[in-house]
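Comments concern the structure below.
The values are calculated or read from the model by the stated rules, or taken from the named source; none is laboratory data. As the structure is a computational prediction, the values presented were derived from the model and not from experiment. Here the Cβ positions follow ideal geometry from the backbone for every residue, glycine too, while neighbour counts run over all protein chains shown. For the accessible areas, the whole protein counts, side chains as well, though only heavy atoms, and no ligand, DNA or RNA atoms are used. Shrake-Rupley method; radii C 1.70, N 1.55, O 1.52, S 1.80 Å.
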Amino acid sequence: MSSSARSDVPPSTLGIELREEGVVVEYLDGRTTLYRGVPTAVEGTLTAGPGKETHVLVTDPTETEGVMTYVNDLKTHDEILEDSGVGRVLFEPGEGEELFPGVAARRVGERTQVEADPELAGGRVFVFLEDDWSERSFEIVAPPAAGIGTFETEE
């Protein structure tokens, strides 16, 4: 395996702080990141545009801790993820899986779909989408009508 190879990495529990200006994540290595802005509410399924980095954060019921997973991230080295506590899953087009109870992700072509049922997840479910030009925050607030893992496409 070359040093540029990427693999799945399991997430660890991270510190979370919900603020008016956004969501703060405290990594295991002591760094913090602010995902700016009030997350836009989405019901059930969120489909990210092509080329968007997709970060999924599920909080605990107290909203002070959570787990974060990067979906299809090919930029970050395994060691950095392991040191920070962030997980990663990699999917080929058409593949998907449950990331956490009540939260599933799937790759549809060059897009990523995230479905969630916050009640099953036991906390709040945030999805952060980024690229070189923009950053957007979403909160999945209700389950998809067809249930988790069905990945109904709404075009």
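In segment 85-135, what count of residues is obtained for those that are closer than 21 Å to residue 22 by Cα, open to solvent by 10 Å² or more (accessible area, probe 1.4 Å) and in contact with a Ser or Thr (Cβ under 7 Å, 6 or more places away or on another chain)?
Summing the residues that are closer than 21 Å to residue 22 by Cα, open to solvent by 10 Å² or more (accessible area, probe 1.4 Å) and in contact with a Ser or Thr (Cβ under 7 Å, 6 or more places away or on another chain) in segment 85-135 gives 3.
Within the bounds of segment 12-25, is there any residue that is out of contact with any Cys (no Cβ under 7 Å at 6 or more places or on another chain), loosely packed, with under 13 Cβ neighbours inside 10 Å and closer than 17 Å to residue 140 by Cβ?
No: segment 12-25 contains no residue that is out of contact with any Cys (no Cβ under 7 Å at 6 or more places or on another chain), loosely packed, with under 13 Cβ neighbours inside 10 Å and closer than 17 Å to residue 140 by Cβ.
Does residue 24 count as among the β-branched types (Val, Ile, Thr), touching a Phe, Trp or Tyr at 6+ places or on another chain (Cβ under 9 Å) and farther than 20 Å from residue 105 by Cβ?
yes
Which one is surrounded by the fewest Cβ atoms within 10 Å (Cβ to Cβ) among residues in segment 26-61 that are without any contact (Cβ under 8 Å) to a residue 60 or more places away in the chain and of a type outside the set (A, V, I, L, M, F, W, C)?
30
Select from segment 63-75 the residues that are in a loop (DSSP other than H, G, I, E, B), more than 11 Å from the chain's Cα centre (by Cα) and free of Cβ contacts under 8 Å to residues at least 60 places away in the same chain and write down the one among them that is nearest to residue 105 (Cα to Cα).
That would be 75.
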